[in-house]
Amino acid sequence: MLSLRDFTLEYEAESPVLRGLSLSLDAGEVLCLVGESGAGKSSLARALMGLRDGARRSGVLNWQGQDIDIQNEAACARLRGRDIAWVPQDVDLALNPVQRIGEQVQEALTTGGAQGTSLHEVLFAAGLHDPERQAQQFPHELSGGERQRALIAISLACGAKLIIADEPTSALDLPLRSLVLESLTQWIRARGAGLLLLTHDLNAVRSVGGRMAVLAHGEIVETGPVELLLDRPSHPITRELLSRRIDPQIAPPKARDGYLDVRRLTLMSPPGPWLVGKPVRALVNQASFIASRGETLGIIGSSGSGKTSLALALLRLAGGRQSGEIQISGRELMALSSRELRAQRRRFQWVPQDPAGSLSPRHSVRESLEEALLLHHRDLSPSQRLARCEETLAHVGLEPQLLERLPAALSGGQRQRVAIARALISEPEILVLDEPTSALDWQTQSDIAERLVHLQQQQGLTLIWISHDLPLIRALSHRVVVMRQGNIVESGLTEHVFGQPRHSYTQLLMDAAFPLERSTSSALA
């Protein structure tokens, strides 16, 4: 179906991102392309889709027996939709913000499309299990995981012969991730289509099966059946990918309980057409918790449980009506006017779940970072601002030459680091991170986590870390809050919540994330 030979991709004045790459994919086959963040997976997807990103490309692309000029973006673009569909990594940039989800999927069905398939059938196949309501919602009214599944639904609705899925389940919890991948592969194989899965998640790779190719340093270093490469890898890079784990060394914070004190925080859903005749529901219901200065508070729960809604309410950025108390060092934020709140914004910053949607596509990295300095540190000279930008990039492990790049010329992992740098550059006291490492490989996750822990220990930074990645939260957090359907069902010290969960929902999460540990402890008990 698809053959790519001697493909090279490079940005001007830089070494090639991909060089001499060759791969092939048959009808009805699943090919998993595995590589670290920045390996060039997304750049390859954009090239196959004929999307402009300022890179030079060369090589031979053969689609169903016909050679396509890889340098001719118009020729590649003609394959989009009916032949090749794409599930991009940048969820917020891919969905139309002023069009309901159902309208966007229906457009793909009408112009594509998957013959004899209904709108609700496609939504359900993509893992959206309340299609009647979700079809009527706008993208900003869905959780990050629901938006990701909406993109999968659009790609399925196109009726394409090949689906390129770039980290399609990074915002989903483990149980839902398995269900969505199973549904996606069943859809593909039933229709004789092909799936090119770009991911760093080896659990996802094992779940879908098929064939696997390992990408490193711009080249494919090993290929073979998934089971063979995961169980008996031969290349050192593949073995290294399989052996990595996150293990940052966190230190207990100094006892300053009540630095951040949240009491009975409630956020109601804004009015919308899907709520006609139905009561307004609580996205966050009576949430109460505390965090000390220099502490990491982990917030966990399944996709759509209210984690992001809680973050937006905490930062006073939510669109719905909210009530309760939010105190920072005794200062009540809920009582502040809009002008007074703006003056306090530097103290608490946010790293959103999808950094691409929060970075202006027309601003360079330097302009995005300097914007925060111009707002909160107006006394700095241009040279001082540049030095601060370079220093902050170094904190998140990025080179200064990236300062003049636009977001489109960065990998997904690099954009996530830039989003973290932009939040850090104003020197906040509280940093709220919403799935900041969801699309990153193990090594990059560990690197960012350890850098943030180091900054926390140096500056007394309070981290509110929202994630469905339970091993990550266990490694990083001092305390944990468990959310379900907008409610906090359990909270406490990390070792207590993970070691002896009291609520049945927490136990289900632990069983899914640590099946071997939980089964062993049950057997011992």
Across the stretch 178-203, the tally of residues that are touching a Gly at 6+ places or on another chain (Cβ under 6 Å) and open to solvent by less than 10 Å² (accessible area, probe 1.4 Å) stands at 1
In the stretch 289-313, the residues that are over 14 Å from Ser477 (Cβ atoms), open to solvent by 10 Å² or more (accessible area, probe 1.4 Å) and out of contact with any Leu (no Cβ under 7 Å at 6 or more places or on another chain):
Arg293, Gly304, Thr308, Leu312
Scan the stretch 73-87 and tell me whether some residue there is of a type outside the set (D, E, K, R), on the phi < 0 side of the Ramachandran plot, open to solvent by 50 Å² or more (accessible area, probe 1.4 Å) and touching a Pro at 6+ places or on another chain (Cβ under 6 Å).
no
Pairs with Cβ under 7 Å, 6+ apart, first in the stretch 431-449 and under 14 Å from Glu240 (Cα atoms), second assigned to a helix (DSSP H, G or I) and open to solvent by less than 10 Å² (accessible area, probe 1.4 Å):
Thr444/Gly413
Selection status of Gly357, under 28 Å from Glu146 (Cβ atoms) and touching a Phe, Trp or Tyr at 6+ places or on another chain (Cβ under 6 Å):
no
Condition check for Val284: of a type in the set (Val, Ile, Thr), open to solvent by 50 Å² or more (accessible area, probe 1.4 Å) and either closer than 25 Å to Glu490 by Cα or in contact (Cβ under 8 Å) with a residue 40 or more places away in the chain (or both)
no
Note on the stretch 88-104: residues part of a helix (DSSP H, G or I), touching a Phe, Trp or Tyr at 6+ places or on another chain (Cβ under 9 Å) and open to solvent by 20 Å² or more (accessible area, probe 1.4 Å) are Ala94
Identify, please: which residue in the stretch 25-54 is of a type in the set (Asp, Glu) and more than 19 Å from the chain's Cα centre (by Cα) and is, among those, surrounded by the most Cβ atoms within 10 Å (Cβ to Cβ)?
Glu29
Quick one: in the stretch 115-124, of everything that is modelled with pLDDT of 85 or more and surrounded by fewer than 21 Cβ atoms within 10 Å (Cβ to Cβ), which residue is farthest from Ser170 (Cα to Cα)?
Ser118
So Gly112 ticks every box in (1) out of contact with any Ser or Thr (no Cβ under 6 Å at 6 or more places or on another chain); (2) closer than 26 Å to Leu25 by Cα; (3) at pLDDT 85 or above; (4) of a type outside the set (S, T, N, Q) but one. Which box is left unticked?
(3)
What do you reckon, is Asp67 part of a helix (DSSP H, G or I), surrounded by fewer than 22 Cβ atoms within 10 Å (Cβ to Cβ) and not small (Gly, Ala, Ser)?
no
Please determine, by comparing only the residues of the stretch 207-225 that are touching a helix residue (DSSP H, G or I) at 6+ places or on another chain (Cβ under 6 Å) and of a type outside the set (Gly, Ala, Ser), which one is most open to solvent (accessible area, probe 1.4 Å).
Val221
Residues that are of a type outside the set (Gly, Ala, Ser), in contact with a strand residue (DSSP E or B) (Cβ under 8 Å, 6 or more places away or on another chain) and more than 16 Å from Trp442 (Cβ to Cβ): does the stretch 237-247 have at least one?
no
Residues being in a loop (DSSP other than H, G, I, E, B), closer than 19 Å to Leu341 by Cβ and open to solvent by less than 80 Å² (accessible area, probe 1.4 Å) - total across the stretch 361-384:
1
Inspect all residues belonging to the stretch 410-423 and state whether any of them is in a loop (DSSP other than H, G, I, E, B), open to solvent by 10 Å² or more (accessible area, probe 1.4 Å), touching a residue at least 40 places away in the same chain (Cβ under 8 Å) and farther than 29 Å from Ser329 by Cβ.
yes
Can you name the residue in the stretch 480-498 that is under 22 Å from Ala313 (Cβ atoms) and of a type outside the set (A, V, I, L, M) and, of all such residues, is surrounded by the most Cβ atoms within 10 Å (Cβ to Cβ)?
Gly486
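The values are calculated or read from the model by the stated rules, or taken from the named source; none is laboratory data. Keep in mind that this is a model prediction, so the values were computed, not measured. FYI the Cβ positions are ideal-geometry reconstructions off the backbone, even for glycines, and counts take in every protein chain you see. For the accessible areas, the whole protein counts, side chains as well, though only heavy atoms, and no ligand, DNA or RNA atoms are used. Shrake-Rupley method; radii C 1.70, N 1.55, O 1.52, S 1.80 Å.
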